[in-house]
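Each reported figure results from applying straightforward, stated rules to the coordinates on display, with no laboratory input. Here the structure is a predicted model, which means the values were calculated and not measured. Glycine gets a Cβ as well: all are built from the backbone with ideal geometry, and neighbour counts include every protein chain shown.
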Amino acid sequence: MKISVKKISELSGFSQATVSNALTGKRRVGRETAEKILRIAREHGYTMEKHVRRIRVVTYRDSGEVFSDSPFFSALLEGIENECRAQGYETAIINLYCRHEDYKEQVEALLADRESGIILIGTELKEETARVFQEAQMPLVVVDCWLPRVPMNAVLMENEDSVMEAVEYLIRQGHRAIGYIKSNVRIQNFEHRARGFFRALAAHDIAPEERFLIEVPPSTQGAHRVFAELLEAGREMPTAFFADNDMMALGAMQTLQAHGFRIPQDISIVGFDDIVFSQSFSPGLTTIRVHKKELGQAAVRRLIELVHDPGQPVQRIQLINELVLRGSVAMPPEED
């Protein structure tokens, strides 16, 4: 196993920060100090021929529908790029489409670059496609995904408990007929959100009703189209909805309003993500705020830790969300 920065620090008597700076050459270290650290590192097999000079931000896409026009990912990328810049690293954004003919060649070329670290946005990643990244020889951190059978260093949001809290908020307002606006493209995040939704209902002895579980594409336009079809067909609506993301929630909300439903007097709606549009709609959308820029910043910091000390154990870093209350939720209408 490769000697760690911590061990070199113990052998040399210098701090881990000084050792990291000497090994990477990113900050000035005294000549004699650097020579001693480098000599100890060489004697114990520390490989110094190539250092990470840049960070590649890789978006892995399967269907690509989850990424389509979503403000969530632009905020996440902004957080990554800003932190890379602050830490003195160049960045390059690479889009990987697993359904493209040259996907395998692209991955091989990416993983052959030993002078780059990788931040992999793995929202659509699955076990079978993750394994090749698990074997990467350069520092790599996955964002927005955790696969227990393919453990890699990861930074992600919490999903299940956040949704349970949001649905229980609806229940405390008096709602019992609660629907679920469910993405018809299933990713790990959405599966965890579904578990939170059904856990909340079960905890309050509320049986989910199939007619109120509505599948839509994970976009504003997709939700609008499906809800328009259902409402024109006379589909009965619940008194409240939770949606897998804000874009679906906003698409449904617009369509319901266009068909004469008042939000929140007739139907309450809760989303997930707190995208920038959520507070500009009328009424503002009650939603679960994800700290998107902070997710990106945390991923960069974790990657740099691995650059300096590759021997660390795998870590899963999870950021906790918060429920943001706006005008789209009220008590259910009184029955006639």
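Taking θ as phi - 60° and the Karplus parameters 6.51, -1.76 and 1.60, the scalar couplings of segment 325-331 work out to 8, 10, x, 8, 10, 8, 5 Hz in sequence order, x denoting glycine and proline. Each Cα pair under 8 Å and six or more residues apart adds its sequence gap; the mean of these over the residue count of the chain is a relative contact order of 20 percent. Normalised by the number of residues in segment 160-290, the mean separation of alpha-carbon contacts (under 8 Å, six or more apart) gives a relative contact order of 26 percent. Multiplying the residue separation of Q134 and H259 by 0.36 nm and removing their Cα-Cα distance gives an extension gain of 40.1 nm. To the nearest 500 deg cm²/dmol, what mean residue ellipticity at 222 nm is calculated for the chain from DSSP H runs of n ≥ 4 alone, each contributing -39,500 (n - 2.57), summed and divided by the residues? Rounded to the nearest 500, it is -13000 deg cm²/dmol.
Put a plus charge on the Cβ of each Lys and Arg, a minus charge on the Cβ of each Asp and Glu, and nothing anywhere else: the dipole of segment 63-145 about its Cα centre is then about 160 debye.
Sorted on the mean count of surrounding Cβ atoms within 10 Å across their residues, most packed first, peptides 126-132, 7-13 read 7-13, 126-132. Exposure proxy shown here: for F72, F212, F227, the number of other Cβ atoms within 10 Å sets the order, fewest to most, as F212, F72, F227.
Toward the positive end of the charge dipole of the chain, with +1 on the Cβ of Lys and Arg and -1 on the Cβ of Asp and Glu, the farthest Cα among S70, V185, P238 is that of S70.
Taking a ≥ b ≥ c as the square roots of the eigenvalues of the Cα gyration tensor of segment 160-290, is the shape rounded (a/c under 1.5), prolate (a/b larger than b/c) or oblate? It is rounded, given that a/c, with a ≥ b ≥ c, falls under 1.5. Each Lys or Arg adds one and each Asp or Glu takes one away; over the other residues whose Cβ falls under 12 Å from the Cβ of I55, this sums to +1. How far is helix 103-112 tilted off the main Cα axis of the chain, in degrees rounded to 10, range 0 to 90? That helix lies at roughly 40 degrees to the long axis. Per-residue Karplus couplings for segment 78-83, computed as 6.51 cos²θ - 1.76 cosθ + 1.60 with θ equal to phi - 60°, are listed in order as 4, x, 5, 5, 5, 6 Hz, Gly and Pro entered as x. Here's the picture: charge each Lys and Arg Cβ at +1 and each Asp and Glu Cβ at -1 in segment 202-336, and of Q312, L295, S219 the one pushed furthest to the positive end of that dipole is Q312. Cross-linked pairs K126/K292; K126/K182; K7/K292; K182/K292; K6/K104: Cα-Cα separations exceed 31 Å for K7/K292; K6/K104.
Relative to the Cα centre, the charge distribution of the chain, modelled as +1 at Lys and Arg Cβ and -1 at Asp and Glu Cβ, gives a dipole magnitude of about 1720 debye. Once the Cα atoms are used to define both axes, helix 188-203 deviates from the longest principal axis of the chain by about 50 degrees.
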